[in-house]
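S.K.: Sharing a structure with you now.
No value in this document is a laboratory result; all are computed from the given coordinates. All figures in this text were calculated on a predicted structure; none of them were measured in a lab. Counting neighbours? That spans all protein chains shown, and the Cβs are built from the backbone with ideal geometry, glycine included.
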Amino acid sequence: MTSITAYESGASQLLMGNEAIARGALEAGLGFASAYPGNPSSEILGSLAEVASEMDIYVEWSVNEKVALEAAAAASFAGVRAIVAMKQNGLNVASDFLMNLNLTGTVGGLVLVVCDDPSGLSSTNEQDSRPAAKWAELPLLEPADSQEAKEMTKWAFELSEEIKDVCLIRSVTRVSHARGDVRLGELVPPNREARFAPTMLGQFTPLLVPIKHNFLLQKVNKAREIFESSPFNWYTGPEKPELLIVTCGSSWYYSLEAVKTLGLESSVGILKLGTTWPLPEKLVQQHLARTDKVLVVEEVDPFLEGNLKELVGDTFSALGPLTFYGKRSGHLPSFGELDPDRVMEAISSLLGRERVAVEPDYAKKAQALTGGLVQARMIGFCAGCPHRATLWSVKNALKLDGRGGFVTGDIGCYTLGLGPTGFFQLKTVQAMGSGTGLASGFGKLDKLGFDQPVLTVCGDSTFFHATIPALINGVYNQSNFTLIILDNSATAMTGFQPHPGTGASALGEPAPTVDIEALCGSLGVRVEVTDPFDLQDTTQKLLDLIQDDGGVRVLISRRKCALVRAKEEKPAYKVWVDSEKCRGENCGCARLCTRIFQCPGLVWDDETHTAKIDEVICSGCGVCADICPASAIIREAA
Amino acid sequence: MALEVKGCRELQREVLARDLCTLCGACVGMCPYLVAYRGRVVALDECDLTQGRCYVFCPRTSLDLDLLSQTVFGVPYAADELGTVQEIVMTRARDEGIRSKAQFGGTVTALTSFALDQGLIDSAVLTASDANILPSGTLAISTTQVRNCAGSNFVAAPTLAAFNREAEGDIQRIGVVATPCQALALAKMRASPLENRNNIDKLKLVIGLFCTWALRYEELARFLADKVPLRQIVKFDIPPPPANLLQVFTNSGRTDIPLDDVRPFVRPTCDVCIDMTAEFADISVGSAEGVEGWNTLIIRSDVGKELVEAARAKGVIETTPLPEQNIAHLKEASLLKKQRGLKKIIETTGSDEDLLYLKLASEAVKGLLS
């Protein structure tokens, strides 16, 4: 991938939305960047880390989003321009600090980018982060494409310094991960000297909260004034449209496509807003006055819709009767991603036009075109994934123990353990670290008759992020559970970012390694380490731990991520199936490996009715040889 | 006449979920799904086959006693107190060393060793306990190994898992020392209509043990651990009535536990059992009540008869007629077990037409209950 500094000002470069955000920050003279990885936000910091040395900026992967925001705020307090990036769930983690930072304000421009994930394509929820801007009373920008993402980011630093507070940018997956041509501007080095020098008594403290709150309201009003003339808001369409669409972000593109496909350019107007909080009231009123029918198109919640109605409520006498359509009217869904089809449906129904639907056999045609190239396979763990092996042993240990033990889950690749390739072992999944928090609570229910063994899992990165306080809570409150730390030495799900346990910094340079084992040991709990590929030993250790006499126990299941191994090591084994020995569908096997274990490296041969290894996919971990009841899966040292 | 053929799901539903499992081990050791663990059969994953050896071999599914009797003895099921009987005698091992370690007369140990020595079998599947008194099936190919397994511990053991496992290997002639439910399972293996014969033709000898009940491991171990360190236990015994005791021997002495204290650990499936004397074994061995140091031995099959006669001829065991009153008492005890079992079954199902796992003609049921 080409670096985001590869081209000079004036050139055009094909950039992912997240790269464009990073480029925009560099064009604004960025000095400091921090983030915790989380899709769809991860590439922002990733692409900044790649050019950190060259641009002489500081870039770090922080242990969590709150710390990331705090670190970036420190840079801002010292006068440096800073950016912090996170996914929607991360904003929740950071919000405790954010809800105080807004009051104390900032010095150097501080831009908080939050990338939402409508439909939860790589998330546990599809939370709309925009209400956070209203809640925190901070300005919010919503880019629609890569070019705008760059321009808005660059400008957000100026706005932040103008109002002396944080500026939020909200992206969505289809902006962050889409690529588009971006006309580049000048790269500006961070030529500011960092110095902490408060200009007021208690400037960065909660001294005089109501006064600071009043300041904040003034700041947001100032932002509103500035937004009135923002180039990120514009109208296209007839002077007096039959229907006015008010939209923002990627929904603007869906609206454009819908209107064009329906051939309604002369009767439907589109007001595209880039500054969605606070709303530029005058500008919005001026466009609302064009019509009496307004359709609001946005993802996911009716945030803009509600704010527009609020605004109309305040200025009802000036505007006259207006009818709003959108999510509240049921013309658009309040869940999931939008697409041009859904918008077309809403417009057609509102204007009584016949809907131009996609060809009825579109999906079939698309499938026919790609079907031969893509193997039908459900979402699941990779070939050779250590999580599959660990959860296999967890499943067996819990079954053998037989007391109704269960696993509370957490956030990472291993979240897939809630599905078939993790043998449905994860029974709860909520926020980062909440598996251990839940375990800590379950483990205290014994007085209420609870006698089920409690297990919880977290990854190594999640351990640092939010598990540690929950673990300490369990120790302090003498709870009773077993924490399995799935240490694959990577933040694998988000793209192999380093973390405090990997011994590398965001720039790939050596960094101190935090020893998970020693850290847990220092809490005075029993700590065992296992190699998940040794199924027998892992199952035995799990049984020992589960059946131990109460307290908090930790099992570190340590094996590098299969994808990291593929880059760093040769496969350990050559694996093949002796089809003479394979019992296949017969009594004594019933396709255990392809039906239950379900490593994608194992495939079922419909002709021979035996299992076979897909050599392209097999990672050579050799674990399947240990589950085959007929010893038909042979592993030989590679 | 045929055994019902179903799969692992039905086994779980009809037997495991209803706590009818005897832990004989017949369903274990053949596949990756069913395993025995500390006194339980556990299904690790769902097998989706509709026909499985596990279901067919289970002594608590579709137990067609007529079919089994025809298969094993070539005659219909007797439906009397003791099943097929050629002869009943009293026996004991001549070797005092065997007698001192074994329960009662040491007949089982002596005959098993003899069968190995004579080449009737080349290995014996027996039951041995680990350091924590957890019993499991084990393979003996020498007299020493057989002697190490002597004695009873009254805990149900998945012994047949070892048969299933070992029969897959090179061993050709296998003998099994089996409890009544294990002997039933072995008979079901012989009568199985499945294509997979489970190497049952390698089974050459079944020495059955009298049994009135077996205990659950987990509960017993937890109970005993408070009284005696499990690792120090060397032997158990239940002396003849009226003692009503479970004697636990360690190297440093004996602890007597009232039998009533351990009765709650009896497996519920023992309450629906109607076979006290291992009716589908080649020979069945138990205590000889009132005659210390001797066994009661029921010879059932020709194989059993030949073995006993050869052992007697070679001076391995000695035999003497079992007193008539002992025979009467044995029949009475066995019939009582059948009646209790049948009544419990009928009480459970609420109908004498539905006998849970038993396939027995209603005249036979009436006959046993009258």
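S.K.: Amide H of A:VAL182 versus every other amide H placed in the peptide plane: which residues, excluding those fewer than 5 positions away on the same chain, fall under 5 Å?
M.R.: A:GLN13, A:LEU14, A:LEU15
S.K.: Kirkwood Rh, chain B, all Cα pairs: how many Å?
M.R.: Numbers: mean 1/r = 0.0485 Å⁻¹.
20.6 Å is the Kirkwood radius here.
S.K.: If you don't mind, another one. Where Rh is the Kirkwood radius over the Cα pairs of segment A:234-351, the temperature 37 °C and the viscosity 0.692 mPa s, what D in µm²/s does Stokes-Einstein return?
M.R.: On the way: Rh = 13.9 Å.
So the translational diffusion coefficient is about 236 µm²/s.
S.K.: Could you bin all the Cα-Cα distances of segment A:570-637 into 10 Å bins starting at 0 and give me the percent of pairs in each, rounded to whole numbers?
M.R.: In whole percents, the pair-distance histogram is 23, 61, 15, 1.
S.K.: Which of the trypsin sites (Lys or Arg not before Pro) found in segment B:302-344 are loop residues per DSSP with 15 or fewer other Cβ atoms within 10 Å of their Cβ?
M.R.: Listed in order of number, the matching sites are B:LYS314.
S.K.: If I model a spin label at B:LEU194 and A:THR2 as a point 7 Å from the Cα along the Cα→Cβ vector, what separation in nanometres do I get?
M.R.: 6.5
S.K.: Still on this structure: Taking amide H positions as placed 1.01 Å from N in the peptide plane, with prolines and chain starts having none, which residues 5 or more places from A:VAL59, or on another chain, fall under 5 Å of its amide H?
M.R.: A:ALA33
S.K.: If you wrap segment A:492-555's Cα atoms in a convex hull and average its projection over all directions, what's the area in nm²?
M.R.: Average of the hull's projected areas for segment A:492-555 equals 5.8 nm².
S.K.: What distance in nm lies between label points placed 7 Å from Cα along the C-beta direction at B:ARG38 and A:ARG192?
M.R.: Computed distance between label sites B:ARG38 and A:ARG192 equals 6.2 nm.
S.K.: Also, I was wondering about something else. Of A:LYS581/B:LYS305; B:LYS331/B:LYS359; A:LYS87/A:LYS272; A:LYS154/A:LYS560; A:LYS541/B:LYS101, which ones are farther than 30 Å apart at the Cα?
M.R.: On the way: A:LYS581/B:LYS305 40 Å; B:LYS331/B:LYS359 22 Å; A:LYS87/A:LYS272 24 Å; A:LYS154/A:LYS560 39 Å; A:LYS541/B:LYS101 36 Å.
Check vs 30 Å cut-off fails for A:LYS581/B:LYS305; A:LYS154/A:LYS560; A:LYS541/B:LYS101.
S.K.: Angle between the Cα long axis of helix A:65-77 and the longest principal axis of chain A, 0 to 90 degrees, nearest 10?
M.R.: 40
S.K.: Continuing with the same structure: Tell me the angle of helix A:386-401 to the major Cα principal axis of chain A, expressed in degrees between 0 and 90 and rounded to the nearest ten.
M.R.: Between the helix axis and the principal axis of chain A, the angle is about 60 degrees.
S.K.: Sticking with this structure for a sec: Return the sequence-ordered ³J(HN,Hα) values of segment A:22-36 in whole Hz as given by the Karplus equation 6.51 cos²θ - 1.76 cosθ + 1.60 applied to θ = phi - 60°, using x for Gly and Pro.
M.R.: Once rounded to whole Hz, the list reads 4, 4, x, 5, 5, 6, 9, x, 4, x, 8, 9, 9, 6, 10.
S.K.: Once phi is turned into ³J(HN,Hα) by the Karplus curve 6.51 cos²θ - 1.76 cosθ + 1.60 with θ = phi - 60°, what whole-Hz value does each residue of segment A:248-262 show in order, with x for glycine and proline?
M.R.: Here the 3J(HN,Hα) series is 7, x, 5, 5, 4, 5, 4, 5, 4, 5, 5, 5, 5, 4, 7 Hz.
S.K.: With a cut-off of at most 10 other beta carbons within 10 Å, and DSSP calling the residue loop, which GluC sites (Glu not before Pro) in segment A:528-602 qualify? Please list them. Write down the numbers at each step before the final one.
M.R.: Values: sites: A:GLU528, A:GLU568, A:GLU569, A:GLU580, A:GLU585; in loops: A:GLU569, A:GLU580, A:GLU585.
Sites meeting the loop and neighbour criteria: A:GLU580.
S.K.: Filter the GluC sites (Glu not before Pro) in segment A:135-195 to those in DSSP coil with at most 15 other Cβ atoms within 10 Å of their Cβ, and list the result.
M.R.: Values: sites: A:GLU137, A:GLU148, A:GLU151, A:GLU158, A:GLU161, A:GLU162, A:GLU186, A:GLU193; in loops: A:GLU137, A:GLU186, A:GLU193.
The qualifying sites are A:GLU186, A:GLU193.
S.K.: Rounded, prolate or oblate: pick one for the protein assembly as shown, where a ≥ b ≥ c are the square roots of the eigenvalues of its C-alpha gyration tensor, a/c under 1.5 means rounded, and failing that, prolate if a/b is larger than b/c, else oblate.
M.R.: It is prolate, given that a/c is not under 1.5 and a/b is the larger ratio.
S.K.: Share of antiparallel DSSP beta bridges in the protein assembly as shown, in percent to the nearest 5?
M.R.: Bridges in the protein assembly as shown that DSSP calls antiparallel: roughly 45 percent.
S.K.: Please give the peptides A:627-634, A:343-350, A:329-336 ranked by average Cβ packing (other Cβ atoms within 10 Å per residue), highest first, as a rough proxy for protection. Spell out each step's value before the answer.
M.R.: Numbers: A:627-634: 18.4, A:343-350: 20.5, A:329-336: 14.9.
In descending order of packing, they fall as A:343-350, A:627-634, A:329-336.
S.K.: Something else about it: Can you give the average number of partner chain beta-carbon atoms within 10 Å of each beta-carbon in peptide B:32-38, as a whole number?
M.R.: Average per residue, whole number: 5.
S.K.: Could you give the length gained on full extension between A:ASN586 and A:MET200, defined as 0.36 nm per residue of separation minus the Cα-Cα distance, in nm?
M.R.: Gain on stretching A:ASN586 to A:MET200: 131.0 nm.
S.K.: Greater than 24 Å separation of Cα atoms is the criterion. Which listed pairs, A:LYS134/A:LYS212; A:LYS447/B:LYS227; A:LYS399/B:LYS337; A:LYS427/A:LYS612; B:LYS188/B:LYS235; A:LYS364/A:LYS612, meet it?
M.R.: On the way: A:LYS134/A:LYS212 17 Å; A:LYS447/B:LYS227 27 Å; A:LYS399/B:LYS337 34 Å; A:LYS427/A:LYS612 32 Å; B:LYS188/B:LYS235 32 Å; A:LYS364/A:LYS612 30 Å.
Pairs exceeding 24 Å: A:LYS447/B:LYS227; A:LYS399/B:LYS337; A:LYS427/A:LYS612; B:LYS188/B:LYS235; A:LYS364/A:LYS612.
S.K.: On a C-alpha basis, how far is the centre of segment A:535-595 from the centre of segment B:55-119 in Å? Whole number, if you could?
M.R.: 42
S.K.: In terms of the Cα gyration tensor, with a ≥ b ≥ c the square roots of its eigenvalues, is segment B:38-144 rounded because a/c is under 1.5, prolate because a/b exceeds b/c, or oblate?
M.R.: Verdict is oblate for segment B:38-144.
S.K.: Please compute the average number of Cβ atoms from other chains found within 10 Å of each residue's Cβ in peptide A:393-406.
M.R.: That average works out to 2.
S.K.: Next up: For segment A:79-231, with equal point scatterers placed on the C-alpha atoms only and solvent neglected, what are the log10 I(q)/I(0) values from the Debye formula at q = 0.15, 0.20 1/Å, to two decimals?
M.R.: For segment A:79-231, the Cα-only Debye profile gives -0.84, -1.35.
S.K.: Hey, what did segment A:234-351 get for relative contact order, percent, Cα under 8 Å, at least 6 apart? All intermediate terms of the calculation are to be shown ahead of the outcome.
M.R.: On the way: 184 pairs, mean separation 37.0, N = 118.
RCO, segment A:234-351: 31 percent.
S.K.: Run the helix sum for the protein assembly as shown: -39,500 (n - 2.57) per DSSP H stretch of 4+ residues, divided by residue count, reported at 222 nm to the nearest 500 deg cm²/dmol.
M.R.: It comes out at -10000 deg cm²/dmol, rounded to the nearest 500.
S.K.: Karplus couplings for segment A:593-598 from phi (6.51 cos²θ - 1.76 cosθ + 1.60, θ = phi - 60°), rounded to Hz, Gly and Pro as x?
M.R.: Once θ is set to phi - 60°, the couplings for segment A:593-598 become 5, 8, 8, 10, 5, 6 Hz.
S.K.: Something else about it: Give the range of the longest stretch in chain A that excludes all trypsin sites (Lys or Arg not before Pro) found in loop regions by DSSP and having at most 12 other beta-carbon atoms within 10 Å.
M.R.: Longest stretch, sites excluded: A:404-638.
S.K.: Any chance you could check the Cα centroid distance between segment A:116-139 and segment A:362-393 for me, in angstrom?
M.R.: 29
S.K.: If you take the square roots of the eigenvalues of the alpha-carbon gyration tensor of segment A:114-181 and sort them as a ≥ b ≥ c, do you get rounded (a/c under 1.5), prolate (a/b over b/c) or oblate? Working shown, then result.
M.R.: Working: a/c = 3.47, a/b = 1.26, b/c = 2.75.
Cα axes put segment A:114-181 in the oblate bin.
S.K.: Okay, next question. For a quick check: with amide H placed at 1.01 Å from N, whose amide H comes under 5 Å from B:TYR37's, ignoring anything fewer than 5 positions away on the same chain?
M.R.: B:VAL42
S.K.: May I ask for the percentage of alpha-carbon pairs in segment A:386-567 that lie more than 19 Å from each other?
M.R.: So the portion of pairs separated by more than 19 Å is 53 percent.
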